[in-house]
């Protein structure tokens, strides 16, 4: 059908828009297949190459194909055997861990053995694959004791071996060895490896790729050789029970939510905005899940230059920021306030009794407290924000302790169409800072340009960013704040340097005893919340929605229901009699 020409830049008519929405909602196979699970994605996956996959949607698809040795228990968040048959056995004499594998197969029916594990580790180390190499570089040697047993020899103790390393994906030697050999013969081996096309990934997960029509849908079918079928792991009997999965691509959240309401999709795998909740709650075909997240949304400072190099300035700014206001007015209550870089939902690693700057104070009391702090630190004003009678007034002309007027500076944020909450926070915070005469203004910019300016060029004053899915292991504290990572392209974007923090961070890396490492991580948080290179703002609730007409049995854990447990456990509803 030919669409009518739109003349003079006029918008689409309501009728035409409805037709387009209907087409998007109904596209792809399996609309009436009761055994097919239909999942909506916000964006197209970018690749089926597991080493290149850095975007969330590619990782979601590949997590159903490639599997790790261990995963996390949904209830306790403890390490749980997955491809492994039991917990690792440690030998202190040789600094090695021995792991026995379940009897598993790849999706082509060939055995998954210890030789595949050894190959995966060697490939990561040989090519120094980003996102994986740091987790394996301290593994000096990996040996296949026999087909079902693998032994890892560590060059030095590393706490993350049990919490991050062993949850890495294992890939089949049969498929990847020829690719690695060819890539290794090129001038740029890593580039060749990561750009290799993998049209049919061979995996050990519950599903395998059947068809990908880019821009429309991605079709997966059940893996008949999935090792977990009918196994009980973490007190849960695994399926999968759906014969196939159809991933549908939606250009906007509006279209995806409409698809949920119209029963054209069973799950929208994306954390939705609070504004959609009311409409979904009123729809009898949908159900909402609210889950804790391991996330961090924060304001960062470039502590390489004044005034941001001054901890007192950063503390005053923290006092002025009313996190409860942000949560209630901007996030409509669907978030938790944060007083540490480690979310409080990560119970084992989160430090208690950290300072809560300005908590419970009125706007006037916040200004008065911040004013006293900066005055004691040597800041002055042409007209102070608090007069001689102690009353809050309109300030002007803040002057640094050096005697130089404070320059105007910018708070960089993502644009509102990317993240309205962070963009709005920037606008609100600039006004709160102006209450103290601090000349701040906000500037939204594209996410890619924002990250390049902060991380690569280090040309910024302050910024508001977030990590939507922090690892449950707090090793990211080292990445974000260790002085060794203060370099262009490094993750210490603030330029924070503290020798005592570095000492604790180095010790935590080698602390194999969880209780000892916990003490170190708690002390690292206390230092960070005293120095405040980042101001943690909020941890949003994961808001997800499913259709109720066709499937049930979603598994809720930290970060939501979009997880391997749900995919292995959801069942089609019995057809009505």
Given the structure, is residue 55 surrounded by fewer than 17 Cβ atoms within 10 Å (Cβ to Cβ), within 25 Å of the chain's Cα centre (by Cα) and either under 18 Å from residue 231 (Cβ atoms) or assigned by TED's automatic domain parsing to the domain that holds residue 240 (or both)? no
Filter pass, residue 263 being surrounded by fewer than 21 Cβ atoms within 10 Å (Cβ to Cβ) and either more than 21 Å from the chain's Cα centre (by Cα) or closer than 23 Å to residue 430 by Cβ (or both): yes
Identify all residues within the stretch 452-466 that are surrounded by 16 or more Cβ atoms within 10 Å (Cβ to Cβ) and either assigned to a strand (DSSP E or B) or free of Cβ contacts under 8 Å to residues at least 24 places away in the same chain (or both); write none if there are none. 462, 463, 464, 465, 466
The stretch 228-254: number of residues that are surrounded by fewer than 20 Cβ atoms within 10 Å (Cβ to Cβ) and not in a strand (DSSP E or B): 12
Can you name the number of the only condition in (1) touching a residue at least 40 places away in the same chain (Cβ under 8 Å); (2) part of a helix (DSSP H, G or I); (3) surrounded by 18 or more Cβ atoms within 10 Å (Cβ to Cβ) that residue 135 fails? (1)
Of everything in the stretch 275-309 that's in contact with a helix residue (DSSP H, G or I) (Cβ under 9 Å, 6 or more places away or on another chain) and part of a loop (DSSP other than H, G, I, E, B), which residue is modelled with the lowest pLDDT? 285
Would you mind telling me which numbered condition in (1) within 30 Å of residue 548 (Cβ to Cβ); (2) out of contact with any strand residue (DSSP E or B) (no Cβ under 7 Å at 6 or more places or on another chain) residue 325 fails? (1)
The stretch 405-436, residues that are crowded, with 18+ Cβ neighbours inside 10 Å and either under 18 Å from residue 540 (Cβ atoms) or under 20 Å from the mean Cα position of the chain (by Cα) (or both): 413, 414, 419, 421, 422, 423, 424, 425, 426, 429
List the number of the failed condition for residue 542; all other conditions in (1) crowded, with 16+ Cβ neighbours inside 10 Å; (2) out of contact with any helix residue (DSSP H, G or I) (no Cβ under 8 Å at 6 or more places or on another chain); (3) within 21 Å of residue 135 (Cβ to Cβ) hold. (3)
So which residues in the stretch 310-321 are part of a loop (DSSP other than H, G, I, E, B) and in contact with a strand residue (DSSP E or B) (Cβ under 8 Å, 6 or more places away or on another chain), if there are any at all? 321
What residue, among those in the stretch 202-220 that are touching a strand residue (DSSP E or B) at 6+ places or on another chain (Cβ under 6 Å) and either free of Cβ contacts under 8 Å to residues at least 24 places away in the same chain or assigned to a loop (DSSP other than H, G, I, E, B) (or both), is nearest to residue 174 (Cα to Cα)? 204
For residue 183, indicate whether it is in a helix (DSSP H, G or I) and farther than 22 Å from residue 103 by Cα. yes
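Quick one: which residue in 114, 144, 80, 104 is over 27 Å from residue 485 (Cα atoms), at pLDDT 95 or above and touching a helix residue (DSSP H, G or I) at 6+ places or on another chain (Cβ under 7 Å)? Full working, then the answer.
Numbers: 114 fails: touching a helix residue (DSSP H, G or I) at 6+ places or on another chain (Cβ under 7 Å); 80 fails: touching a helix residue (DSSP H, G or I) at 6+ places or on another chain (Cβ under 7 Å); 104 fails: touching a helix residue (DSSP H, G or I) at 6+ places or on another chain (Cβ under 7 Å).
Among 114, 144, 80, 104, only 144 is over 27 Å from residue 485 (Cα atoms), at pLDDT 95 or above and touching a helix residue (DSSP H, G or I) at 6+ places or on another chain (Cβ under 7 Å).
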Filtered residues of the stretch 477-492 (kept if crowded, with 16+ Cβ neighbours inside 10 Å, more than 20 Å from residue 318 (Cα to Cα) and out of contact with any helix residue (DSSP H, G or I) (no Cβ under 7 Å at 6 or more places or on another chain)): 486, 490
The residue that is surrounded by the fewest Cβ atoms within 10 Å (Cβ to Cβ), considering only those in the stretch 148-174 that are out of contact with any strand residue (DSSP E or B) (no Cβ under 7 Å at 6 or more places or on another chain) and over 20 Å from residue 131 (Cβ atoms), is 156
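The values are calculated or read from the model by the stated rules, or taken from the named source; none is laboratory data. All values derive from a computational prediction rather than experimental measurement. Note that each Cβ is placed from the backbone with ideal geometry, even for glycine, and that neighbours are counted across all protein chains shown.
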